[in-house]
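Visitor: For reference, the structure I am asking about is given below.
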């Protein structure tokens, strides 16, 4: 499989922060239907479908290596899929469209509040000796919201 990442700047594509992504299969389905390349970026080897539109990129296990690769490859024609608020913020600054695993978009208007909430929650976890309830369970409604959000984002980018 060829290198899609930075060599295809300006081409509509999907970049997936894949290590903890629960919607990789959904991303493939939308990518295939819309004929859009998708790059799965992870710190460890992950199984991906053998398909011309799917590329696997395995980066080092260095802290933030996957995030750094995604940010470097992101531009205004890219949809980034991530649950990482700080990565979302960095990608938005590059002009990318960013969608969370639950289908909720990260936007320039919402990201500041999300970053602040993340910092507050980190402080609370430290104060509670690391005790946390964790994120809400991933629901079927999250999956369908994600499918719709990704499809709509690709339609918007293809019209540009």
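Visitor: Classify region 53-94 as rounded, prolate or oblate, taking a ≥ b ≥ c as the square roots of the eigenvalues of its Cα gyration tensor: rounded when a/c is under 1.5, otherwise prolate if a/b is larger than b/c and oblate if not.
Guide: Here region 53-94 falls in the oblate category.
Visitor: Follow-up. Need one word for region 1-113: rounded, prolate or oblate. Basis is the Cα gyration tensor (sqrt eigenvalues a ≥ b ≥ c); a/c below 1.5 gives rounded, then a/b vs b/c decides.
Guide: rounded
Visitor: Mind ranking 74-85, 37-48 by how tightly packed they are, going by the mean number of other C-beta atoms within 10 angstrom, highest first?
Guide: The peptides rank, most packed first, as 74-85, 37-48.
Visitor: Describe numerically, in nm with one decimal, the distance between label points set 7 Å from Cα along Cα→Cβ at residue 148 and at residue 61.
Guide: Here the answer is 4.1 nm between the modelled labels.
Visitor: In nm, to one decimal, how far is the modelled label at residue 139 from the one at residue 158, with both set 7 Å along Cα→Cβ?
Guide: Result for the modelled spin labels: 3.0 nm.
Visitor: Let me ask something else about it. Roughly what would the spin-label model give for residue 20 and residue 72, points 7 Å off Cα along C-beta, in nm?
Guide: 2.4 nm
Taken together, the values in this text are just the output of simple stated rules run on the coordinates, not laboratory data. These numbers come from a predicted model, not from an experiment. With ideal geometry, Cβ positions are generated from the backbone for all residues, glycine too; neighbour counts draw on all protein chains shown.
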